[in-house]
């Protein structure tokens, strides 16, 4: 298992999540996408515009492996 870190960028606010273990980078990306969807729902309920928000996924050495754009989740097919 490898460690992955998620960084939520909401406007100018960065929320860095403590590293979490996942079996591989695909599982980390799936978890980050799920977390982004939950953030999207919370943001809309609270009246925020999350279209510029992103979640960045970093591997253990600190390399960026994926950026999840909240706006893309709004456009995703159901």
Of the residues in region 38-61, those that are over 16 Å from residue 9 (Cβ atoms) and in contact with a strand residue (DSSP E or B) (Cβ under 9 Å, 6 or more places away or on another chain) number 2
Of the conditions (1) in contact with a helix residue (DSSP H, G or I) (Cβ under 8 Å, 6 or more places away or on another chain); (2) on the phi > 0 side of the Ramachandran plot, residue 50 clears all except one; give me its number.
(2)
Looking only at strands (runs of 3 or more DSSP E) that fall completely inside region 1-65, which ones have 1 or more residues that are over 9 Å from the mean Cα position of the chain (by Cα) and surrounded by 14 or more Cβ atoms within 10 Å (Cβ to Cβ)?
2-10, 20-22, 54-59
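Readers should treat all values here as calculations from the given coordinates under stated rules, not as data from a laboratory. Because the structure is predicted, anything quoted here is derived from the model rather than measured. We place every Cβ from the backbone using ideal geometry, glycine too, and count neighbours over all the protein chains shown.
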